[in-house]
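A.B. asks: Can you read through this structure? Questions will come right after.
Coordinate-derived values only; no laboratory data. In this text, all values refer to a predicted model and were calculated from it rather than measured experimentally. When we count neighbours, we look across all protein chains shown, and the Cβ atoms used for this are built from the backbone with ideal geometry, even at glycine.
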Amino acid sequence: MCSSSYVNMDYVFACVMLFWIGISLFISYDIACQWFKYLPERLRKFPPPLRIALPSDTRAVIPKLHFNAHEQKNHSQFSANYIPGLGRTDGEGIERRWWFIQPIAASTIGMGPGRR
């Protein structure tokens, strides 16, 4: 398998992309600037069924709520504001559904990375 701090996210992404191969897409992820940087190289190290080729126009963006928390230098490439047809998208829709479980999250802090 691939040794990386992003291996779990890479695996989930590759499994989902098996159903969407060939579709150009925008990936909205809080740490897209770090995760997406070497994604194609990491995907090539996966077992053959999960070795996917990303469409050349695939782009990653940082959701707008998280964007200002990142270093601003060279981050405009990860802003949805500069992508035609995507500028009004905030990319935070999925996280709004998690808001109601915030009080429960504290109970998982003591769990190890594989159990949380």
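A.B. asks: Below 15 angstrom from the Cβ of Ala53, what's the summed charge of the other residues (Lys, Arg +1; Asp, Glu -1)? Don't skip to the answer; put the middle values down first.
C.D. replies: Numbers: positive: Arg42, Arg44, Lys45, Arg51; negative: Asp10, Glu41, Asp57.
Every neighbour counted, the sum reads +1.
A.B. asks: List the lysines whose Cα lies under 16 Å from the Cα of Lys37, skipping any in the same chain that are fewer than 8 positions away.
C.D. replies: Straight-distance partners of Lys37: Lys45, Lys73.
A.B. asks: Counting Lys and Arg as +1 and Asp and Glu as -1, what is the net charge of the other residues whose Cβ lies under 14 Å from the Cβ of Pro40?
C.D. replies: Values: positive: Lys37, Arg42, Arg44, Lys45, Arg51, Arg59; negative: Asp10, Glu41, Asp57.
Within the 14 Å Cβ shell, the charges total +3.
A.B. asks: Near the amide H of Ser28, under 5 Å away, which other amide H atoms are found, from residues 5 or more places off or on another chain, if H is placed in the peptide plane?
C.D. replies: Sorted by chain and number, the residues that satisfy this are Val61.
A.B. asks: Net charge near Ser79: determine it from the other residues with C-beta under 11 Å of the C-beta of Ser79, scoring Lys and Arg +1 and Asp and Glu -1.
C.D. replies: Numbers: positive: Arg59, Lys64; negative: none.
Residues near Ser79 contribute +2 overall.
A.B. asks: Using a Förster radius of 35 Å, what is the FRET efficiency between Tyr38 and Arg88 based on their Cβ-Cβ separation? Nearest 0.05, please. It would help to have the intermediate numbers written out before the result.
C.D. replies: On the way: r = 30 Å, r/R0 = 0.85.
With a Förster radius of 35 Å, E is 0.75.
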